[in-house]
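Have a look at the structure below, then the notes.
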There are 2 protein chains.
Amino acid sequence: MILDLSATAADLTASLVDVESVSGNEQRLADEIHAALAGLPHLTVHRDGNAIVARTALGRAQRVAIAGHIDTVPLAGNLPSRVSGGVLHGLGSCDMKGGVAVALRLAAHLAAPSRDVTYVFYDGEEVEAERNGLLRLSRSSPELLAADFAILMEPTDGQVEGGCQGTMRAQVRATGERAHSARSWMGRNAIHEAGAILDVLRGYQARQPDVEGLRYHEGLNAVGITGGVAGNVIPDECVVTVNYRFAPDRSVEQARAHLEDVFAGWEVQVTDAVSGARPGLDQPAVGSFVAAMGGTPRAKLGWTDVARFDALGIPAVNFGPGDSLVAHAPHEHVRLAQIEDCEARMRTWLAA
Amino acid sequence: MILDLSATAADLTASLVDVESVSGNEQRLADEIHAALAGLPHLTVHRDGNAIVARTALGRAQRVAIAGHIDTVPLAGNLPSRVSGGVLHGLGSCDMKGGVAVALRLAAHLAAPSRDVTYVFYDGEEVEAERNGLLRLSRSSPELLAADFAILMEPTDGQVEGGCQGTMRAQVRATGERAHSARSWMGRNAIHEAGAILDVLRGYQARQPDVEGLRYHEGLNAVGITGGVAGNVIPDECVVTVNYRFAPDRSVEQARAHLEDVFAGWEVQVTDAVSGARPGLDQPAVGSFVAAMGGTPRAKLGWTDVARFDALGIPAVNFGPGDSLVAHAPHEHVRLAQIEDCEARMRTWLAA
């Protein structure tokens, strides 16, 4: 099969879904995309592993990057795709082959866009950061990603979502003293002590700050807990793993200081953290896109690769078909009309 | 080597410690004990795997069982034994080769005790119940264990300790609803919910009931906790494993009902339970032993194999050299004079 970029964005999405591309298994889909774009005279195509970068070079005053990952989370009995009542069901239909289809259609059919465009299709987004194709490109070939503005085609239900929240995981450790459980009063139970950590979490009031006009919504949650030595031993350690989702008005360092403050009295060990991205809606390049797409921009609460563009100094927003609430769910799906609508609006903006 | 039962109980204990007999590896020590007892004309010796039963048959009005396990917990850099300042250090010195030495000395040298005696040396006490040699004997040859009274030579610091507490483990389950941790308010966090279970444990007032004149001390503790799905998921389950140590005035069924009452509102699943043993100090056979040993009997808080004798209808007490607080510790040890003293007192009682 060679992808048929003359098919509608809806049909093209179904074709993309039916080429299984669970993270680590992107090669066939990358080959198809590479083959479909390589023959187009208005594009210069680069390949880095299973990431494809295709650029126009029209000498326009502005350049926009339009990016989407081509991998998916693991199979959940949801392939091949099926269409029912105008809705496409299947693995990756929502996250984010609908957005990839829109970008491929624009790449194929807009030979002379009003802004130069860099299309980026990349691998390894649904797994650990070190496998992320956009991160790899940003290290190996940052010049390929250079742009005034980036659009990440993550599912946003066809609304512009600005920036993203950061995320930090930390281990909060309660300690005690071991003893035989038949004489528990000789020791100090670290699991019971961890109850005080959970009390802090249960009483926590999450911030909902406005950042550049968008309202974010933080969260601080236990995502893991482990403790215990043996069935007859009072345990001397209990570790609560917490996940702090923080608005982009806080840096990673500020987030860390906040956790140390909230859990004063316990050992706090940050295990991983990535900063968020400010929405950048005050940038002119972003403003014109937001105005063209219509609607009221929202804050992006989940972390996305817009933060990687932000780290390169490129303002970025999320915009694409599909409802992020069903991303990663076995029943993920996307409305076909929304894919077509996203394509139409972006085509209008890029033609202007 | 053949064990030298003419050596002092102190020296014999050191010899027993130096024959490593971690649970599962008792054969060599069982062979040595078997060989040392087999030639004695006043004893009839039976063997069942690595358990040895040696009985006098003098037609006395009463029969007493004197029992000790020959296995130990795993090595902890504490072999061979060493003596320092009248104290023997080494694996099993406290739990319970000192008691085994006393029983072997009595078996060898009391050819005509005032009560018939059944000496029981058994394997597999420090591991799961199904490997316990006393349990195996009680099923295969209960007639070999028949007695009016039993003394289990567990370390009690040379004091009579009556009965033992029961022990029950249960899983108490908090549930919730999964969600992406970037939108935690869409779910319900089961680990946070488990904080309420820990609150119950932190506020729990343990009973300290008097049973037949002995004061027991219960305990209810978390010995394990586990919860969490992934670093970015609000978890829908958290399981707290609790260990309830209950006085012998409560049956297993009463203990279960108590846990269901304490944790009303959560799912409680009992995973294992063994009943305790009442002290039996009101039995005449027990009373004479207690009087002969002197001191004030105490309640045994940890579960011991006295409960197996109790289940056979045989009243039993714990009595032996060594401080149970150092049992299972790498630095376990026993005072040599206490071993000799225990032997002397029991010899006097059995000669009377």
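The values are calculated or read from the model by the stated rules, or taken from the named source; none is laboratory data. This is a predicted model, so every value here is computed, not measured. Neighbour counts run over all protein chains shown; Cβ positions are idealised from the backbone, glycine included. Note: accessible area is taken over every heavy atom of the protein model, side chains too, but ligands, DNA and RNA are not part of it. Shrake-Rupley method; radii C 1.70, N 1.55, O 1.52, S 1.80 Å.
At a Förster distance of 51 Å, what's the computed FRET efficiency of A:Ala112 paired with B:Val229, Cβ-Cβ distance as r, to 0.05? Mind showing how you got there, number by number?
Details: r = 49 Å, r/R0 = 0.96.
Calculated transfer efficiency: 0.55.
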Per the 1/(1 + (r/R0)^6) rule, R0 = 22 Å and r from the Cβ atoms of A:Ala257 and B:Ala196, FRET efficiency to 0.05 is 0.15
Considering chain A as a Gaussian network with a 10 Å cut-off on Cα pairs, which listed residue, A:Leu43, A:Leu58, A:Leu336, attains the greatest mean-square fluctuation? A:Leu58
Under a straight-distance cross-link criterion of Cα-Cα below 30 Å, which lysines are reachable from A:Lys97, leaving out those fewer than 8 residues away in the same chain? A:Lys300
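Taking every DSSP beta bridge with both residues inside the protein assembly as shown, roughly what % is antiparallel (nearest 5)? Provide the component values of the computation, followed by the final result.
Numbers: 99 of 133 bridges.
So the antiparallel bridges in the protein assembly as shown amount to around 75 percent.
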What is the distance in Å between the Cα centres of segment B:299-314 and segment A:162-216? 42 Å
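Over segment B:121-249, what percent of the accessible surface lies on carbon and sulfur atoms, probe 1.4 Å? Intermediate results must be reported in sequence, preceding the final value.
Working: 1800 of 4350 Å².
About 41 percent, which is the carbon plus sulfur part of the accessible surface.
How big a patch of accessible area, both sides summed and in Å² to the nearest 100, lies buried between A and B at a 1.4 Å probe?
Values: alone 14710 and 14720 Å², together 26160 Å².
In total, this chain pair buries about 3300 Å².
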Label-point separation, A:Glu212 to B:Ile2 (7 Å along Cα→Cβ), nm: 9.2 nm
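Quick one: dipole size for segment A:143-259, taken about the Cα centre, charges +1 on Lys/Arg Cβ and -1 on Asp/Glu Cβ, in debye to the nearest 20. Walk me through the numbers before you get to the answer.
Values: 11 positive and 15 negative charges, 165 e Å.
That gives a dipole near 800 debye.
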Once you put a point 7 Å from the Cα of A:Thr44 and another 7 Å from the Cα of B:Thr44, both along the Cβ direction, what distance in nm separates them? 10.2 nm
Could you tell me which residue out of B:Pro155, B:Met168, B:Ser138 lies farthest along the dipole of segment B:137-219 toward its positive end? Charges go on the beta carbon: Lys and Arg +1, Asp and Glu -1, centred on the Cα centre. B:Met168
Any idea of A:Trp185's accessible area? Nearest 10 Å², probe 1.4 Å. 100 Å²
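Take peptide B:177-186, look around each residue's Cβ out to 10 angstrom, count Cβ atoms belonging to other protein chains, and average those counts.
Counting other chains' Cβ atoms within 10 Å and averaging over B:177-186 gives 6.
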Within the set of other residues whose C-beta is less than 10 Å from the C-beta of A:Asp272, count the net charge using Lys and Arg as +1 and Asp and Glu as -1. 0
Is there a simple number for the mean count of other chain Cβ atoms within 10 Å of the Cβ of residues in A:188-201, and what is it? 6
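Determine the shape class of segment B:243-352: with a ≥ b ≥ c the square roots of the Cα gyration tensor eigenvalues, call it rounded for a/c under 1.5, and otherwise prolate if a/b is greater than b/c, oblate otherwise.
Working: a/c = 3.31, a/b = 1.75, b/c = 1.90.
Oblate.
Test of understanding: what is the full-extension gain from B:Val274 to B:Asp249, defined as 0.36 nm times their sequence separation minus their Cα-Cα distance?
Values: separation 25, 0.36 × 25 = 9.00 nm, distance 1.33 nm.
Answer, rounded to one decimal: 7.7 nm.
Percent relative contact order of chain A, based on C-alpha pairs within less than 8 angstrom and at least six residues apart?
Details: 836 pairs, mean separation 82.7, N = 352.
Once normalised by length, the contact order is 23 percent.
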Which one of A:Ser324, B:Gly294, B:Val262 has its Cα pushed farthest toward the positive end of the charge dipole of the protein assembly as shown, where Lys and Arg give +1 and Asp and Glu give -1 at the Cβ? B:Val262
By accessible area (1.4 Å), largest first, B:Asp71, A:Asp148, B:Asp261 order as B:Asp261, A:Asp148, B:Asp71
Other copies of A:Ala344: label-to-label distances in nm, shortest first, labels 7 Å along the beta-carbon direction: 10.5
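Averaged over its residues, how many other protein chain Cβ atoms are within 10 Å of peptide B:257-270's Cβ atoms?
Numbers: counts 0, 0, 0, 0, 0, 0, 0, 0, 0, 0, 0, 0, 0, 0.
Whole-number average of other-chain Cβ neighbours for B:257-270 is 0.
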Given axes a ≥ b ≥ c from the Cα gyration tensor, I'd like to know whether segment A:1-153 is rounded (a/c under 1.5), prolate (a/b larger than b/c) or oblate. oblate
With a Förster radius of 25 Å, plug the Cβ-Cβ distance of A:Thr175 and B:Gln205 into 1/(1 + (r/R0)^6) and report the FRET value to the nearest 0.05. 0.55
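So if I place +1 on the C-beta of Lys and Arg and -1 on the C-beta of Asp and Glu, and nothing else carries charge, what would the dipole magnitude of chain A be about its Cα centre? I want it in debye, nearest 20.
Details: 30 positive and 43 negative charges, 58 e Å.
Value, rounded to 20: 280 debye.
Write down the accessible area per residue of segment B:155-260 in Å², having rolled a 1.4 Å probe over the full set of protein chains.
Per residue, segment B:155-260 has an accessible area of 35 Å².
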Provide an ascending nm list, one decimal, of label-point separations from B:Ser141 to the equivalent residue in each further copy; define each label point as 7 Å from Cα along Cα→Cβ. 8.1
Answer rounded, prolate or oblate for segment B:287-352, using the Cα gyration tensor with square roots of eigenvalues a ≥ b ≥ c: rounded when a/c is under 1.5, else prolate when a/b is larger than b/c, else oblate. oblate
Residues other than A:Arg55 with Cβ under 13 Å of its Cβ, Lys/Arg counted +1 and Asp/Glu -1, net out at +2
In chain B the DSSP beta bridges are antiparallel at a rate, in percent to nearest 5, of 75 percent
Shortest first and in nm with one decimal, please list how far the B:Arg28 label point sits from its counterparts in the other copies (point 7 Å along Cα→Cβ). 6.1
For the protein assembly as shown, with only Lys/Arg (+1) and Asp/Glu (-1) charged at the beta-carbon, what is the dipole magnitude about the Cα centre, in debye rounded to 20? 440 debye
